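Asker: Pasting in a structure now, in structure tokens, and then I'll have a few things to ask.
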Amino acid sequence: MDRRSFGPTKRDVPVIGQGTWHLERARRADAVAALRRGLDLGMTHIDTAEMYGDGAVEELVGEAIAHRRDEVFLVSKVLPQNASRRGTVRACEASLARLKTDRLDVYLLHWPGDHPLEDTIAAFEQLHREGKIRAWGVSNFDVADLDAALEIAGPGRIACNQVLYHLKERAIEHAVIPWCERQRAAVVAYSPFGSGDFPGPRSKGGRVLQDIARAHGATPRQVALRFLGRRPSLFAIPKAATVDHAAENAGAGDLQLTDAELARIDAAFPRGRRPKELPTL
Ligand code: NAP
């Protein structure tokens with residue numbers, strides 16, 4: 001599994017991690033087994049949130065990582081409506097309890113909300129001083145939100161921006177990725193398979209993925225994940241509810257695509273114009 005430095009944290013993190021949204025809908029034993037298989041195969045970055053299943057997913061993640069917490073790069077998120085100065089601290093402590101751990105590796109604001117960003121960031125810094133989080137970051141932040149966060153926090157504090165990024169949705173390439181790279185923040189691609197809208201095998205783009213996959217003895221999804229991780233700032237967090245899906249996704253971690261293959265994928269899934277607003281799910 002290819003690993004790389006995660007933004008300013010200097011932590012070595014796998015390019016492919018594990019999402020957990022809606023994991024509470026799977027059979028619990030299957031979901032736990034999938035996460036554990038993912039860990040075994042090097043997908044040690046686990047992304048969760050207090051929102052997922054109203055806390056049920058954090059509990060499930062807690063079960064999956066029991067006795068192996070030190071292997072895991074654990075990320076959770078505070079809901080914007082909870083992200084006041086005191087609410088953020090309370091939310092983090094509740095997440096830690098559900099996850100049965102004493103610290104998060106990164107704690108994110110799930111999306112920009114109504115509480116002053118100064119208050120959320122002050123709470124993040126307090127949690128950091130107390131050792132409850134090792135770093136903090138943001139999610140669904142467009143450039144103006146990122147500028148505001150940087151203005152408040154100063155350089156080197158924003159660990160990452162977790163944003164929607166898949167082959168059919170490349171809007172972040174216009175300005176968000178360049179901003180993050182200038183500030184050395186990691187970019188974490190959420191919904192890397194389009195959250196259930198992966199290019200079909202008979203579509204034009206799907207055929208390109210299949211072609212390239214065949215040349216590597218790989219699968220189209222592995223090729224897609226590798227394309228999304230083609231720059232050193234990029235990480236992806238596909239969600240898998242079965243051990244087979246987890247194993248396939250982890251298999252992308254060692255795939256190497258040539259420049260010509262990357263160019264073919266780029267042409268098959270044009271990034272389009274910069275939209276007025278950052279696309280989110
Ligand atoms: P996704 O990872 O793009 O796609 C998940 C879907 O792909 C599921 O239906 C899954 O099926 C299927 N899948 C996964 N691996 C597969 C494989 N190898 N072969 C065939 N199908 C496969 O969607 P997502 O859950 O929306 O995004 C990933 C993660 O990003 C989330 O779980 C969450 O952690 C994070 N996220 C963050 C935000 C945010 O606002 N910050 C928003 C959305 C998502 P099974 O479940 O049956 O395995």
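Asker: For segment 159-255, give the share of DSSP beta bridges that are antiparallel, in percent and rounded to the nearest 5; count only bridges with both residues there.
Answerer: Bridges in segment 159-255 that DSSP calls antiparallel: roughly 10 percent.
Asker: Net charge near Ala33: determine it from the other residues with C-beta under 13 Å of the C-beta of Ala33, scoring Lys and Arg +1 and Asp and Glu -1.
Answerer: Net of charged neighbours comes to 0.
Asker: How charged is the neighbourhood of Lys132? Take every other residue with its Cβ under 13 Å from the Cβ of Lys132, and add Lys/Arg as +1 and Asp/Glu as -1. Display every interim value, and only then the final one.
Answerer: Values: positive: Arg90, Arg103, Arg129, Arg134; negative: Glu93, Asp102, Asp105, Glu125, Glu130.
After counting each charged neighbour, the total is -1.
Asker: List every residue whose amide H lies under 5 Å from the amide H of Trp136, counting only residues 5 or more places away in sequence or on a different chain, with H placed 1.01 Å from N in the peptide plane.
Answerer: It is Tyr107, Ala159, by chain and number.
Asker: Is it possible to state the helix-based mean residue ellipticity at 222 nm for the chain, with each DSSP H run of 4+ residues giving -39500 (n - 2.57), the sum divided by total residues, to the nearest 500 deg cm²/dmol? What is it?
Answerer: The per-residue figure over the chain is -11500 deg cm²/dmol.
Asker: What ³J(HN,Hα) values, in whole Hz, does the Karplus curve 6.51 cos²θ - 1.76 cosθ + 1.60 give for segment 161-172 when θ = phi - 60°, with x put for Gly and Pro?
Answerer: Couplings: 10, 9, 9, 5, 7, 8, 4, 8, 9, 10, 4, 5 Hz.
Asker: Starting from 0.36 nm per residue, how many nanometres of slack lie between Arg202 and Arg271 once their C-alpha separation is accounted for? Walk me through the intermediate numbers first.
Answerer: Details: separation 69, 0.36 × 69 = 24.84 nm, distance 2.05 nm.
Stretched out fully, the Arg202 to Arg271 stretch lengthens by 22.8 nm.
Asker: Calculate one ³J(HN,Hα) per residue across segment 133-148 by plugging θ = phi - 60° into the Karplus curve 6.51 cos²θ - 1.76 cosθ + 1.60, and present them in order as whole Hz with x for glycine and proline.
Answerer: Along segment 133-148, the couplings run 9, 8, 7, 9, x, 9, 8, 6, 9, 7, 4, 5, 5, 5, 4, 5 Hz.
Asker: Starting with the highest mean, order 192-203, 227-238 by the number of other Cβ atoms within 10 Å, averaged over the residues of each peptide.
Answerer: In decreasing order of mean packing, 192-203, 227-238 become 227-238, 192-203.
Asker: Return, ordered by residue number, the residues of segment 131-170 whose backbone nitrogen is under 18 Å from a label point located 7 Å along Cα→Cβ of Ala97.
Answerer: Within reach of a label on Ala97: 132-133.
Asker: Something else about it: If a/c stays under 1.5 just call it rounded; otherwise compare a/b with b/c (prolate if a/b is bigger, oblate if not). Do that for segment 11-268, with a ≥ b ≥ c from the square roots of the Cα gyration tensor eigenvalues.
Answerer: Verdict is oblate for segment 11-268.
Asker: With contacts defined as alpha carbon pairs under 8 Å and 6 or more residues apart, what's the relative contact order of segment 11-268 in percent?
Answerer: Details: 490 pairs, mean separation 53.8, N = 258.
It rounds to 21 percent for segment 11-268.
Asker: Moving on to the next point. Nearest 5 is fine: what % of DSSP beta bridges in segment 11-268 come out antiparallel, could you say?
Answerer: On the way: 1 of 26 bridges.
Roughly 5 percent of the DSSP beta bridges within segment 11-268 come out antiparallel.
Asker: What residue among Thr20, Thr120, Thr258 has the largest mean-square fluctuation in a Gaussian network model of the chain, using Cα springs under 10 Å?
Answerer: Comparing Thr20, Thr120, Thr258 in a Gaussian network model of the chain, the most mobile one is Thr258.
Asker: Note down the net charge around Gly55, summing +1 for each Lys or Arg and -1 for each Asp or Glu among other residues with Cβ under 15 Å from its Cβ.
Answerer: -1
Asker: Neighbouring Cβ atoms within 10 Å as the yardstick, rank Lys239, Lys168, Lys132, Lys276 fewest first.
Answerer: Least to most surrounded, the residues fall as Lys276, Lys168, Lys132, Lys239.
Asker: Here is a further query. Most mobile of Ala149, Ala215, Ala33 per a Gaussian network model of the chain (Cα springs, under 10 Å)?
Answerer: Residue with maximal mean-square fluctuation among Ala149, Ala215, Ala33: Ala215.
Asker: Next up: Pairs of lysines 8 or more apart, or on different chains, with alpha carbons under 30 Å: count those in the chain, would you?
Answerer: The number of close lysine pairs in the chain is 18.
Just so you know, all these numbers are worked out from the coordinates, no wet-lab data involved. Note that this is a predicted model, so its numbers are computed, not measured. Virtual Cβ from ideal backbone geometry, glycine too; neighbours counted across all protein chains shown.
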